[in-house]
Amino acid sequence: MVAPRVIYPFCTSEGSGLGNSINELKAIFPDTEIKLGLAVQGSKVDKADQAVANWLEQLNLI
């Protein structure tokens with residue numbers, strides 16, 4: 001039995017967020033579960049610790 005695949009998308013950007021990435025991932029990996037994504041503004045990435053922690057908590061990964 002093959003374990004189901006799961007993608008946790010994240011990126012940095014300067015305004016576009018995840019853009020169309022979720023739809024593109026679904027098209028490329030139709031049998032994969034795409035979880036809630038996180039986009040961090042690139043200019044604020046050095047202060048993103050709490051945003052990442054909150055995201056991981058939402059996903060029940062920590």
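The values are calculated or read from the model by the stated rules, or taken from the named source; none is laboratory data. Everything quoted here is computed from the prediction, not taken from an experiment. Backbone-built Cβ (ideal geometry, glycine too); neighbour counts: all protein chains shown. When the accessible area is computed, the model is the full protein with side chains, heavy atoms only, and any ligands, DNA or RNA have been set aside. Shrake-Rupley method; radii C 1.70, N 1.55, O 1.52, S 1.80 Å.
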Test: G42 is out of contact with any Pro (no Cβ under 7 Å at 6 or more places or on another chain), of a type in the set (G, A, S), open to solvent by less than 60 Å² (accessible area, probe 1.4 Å) and free of Cβ contacts under 8 Å to residues at least 60 places away in the same chain | yes
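Quick test for you: out of A53, A3, A27, pick the one residue that is out of contact with any strand residue (DSSP E or B) (no Cβ under 8 Å at 6 or more places or on another chain), part of a loop (DSSP other than H, G, I, E, B) and surrounded by fewer than 13 Cβ atoms within 10 Å (Cβ to Cβ).
Working: A53 fails: part of a loop (DSSP other than H, G, I, E, B); A27 fails: part of a loop (DSSP other than H, G, I, E, B).
Residue meeting the stated conditions: A3.
Report yes if A48 is open to solvent by less than 50 Å² (accessible area, probe 1.4 Å) and without any contact (Cβ under 8 Å) to a residue 24 or more places away in the chain, otherwise no. Quick ask: steps written out before the conclusion?
Details: open to solvent by less than 50 Å² (accessible area, probe 1.4 Å): yes; without any contact (Cβ under 8 Å) to a residue 24 or more places away in the chain: yes.
Taking the combined requirement at face value, the residue satisfies it.
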Only residues in segment 10-36 that are farther than 21 Å from Q58 by Cβ count as the first member; pair them with residues that are modelled with pLDDT under 95, Cβ under 6 angstrom, at least 6 apart or cross-chain, and list the lot.
-> E14/G42
Got at least one residue in segment 15-31 being over 30 Å from V2 (Cβ atoms) and of a type in the set (D, E)?
-> no
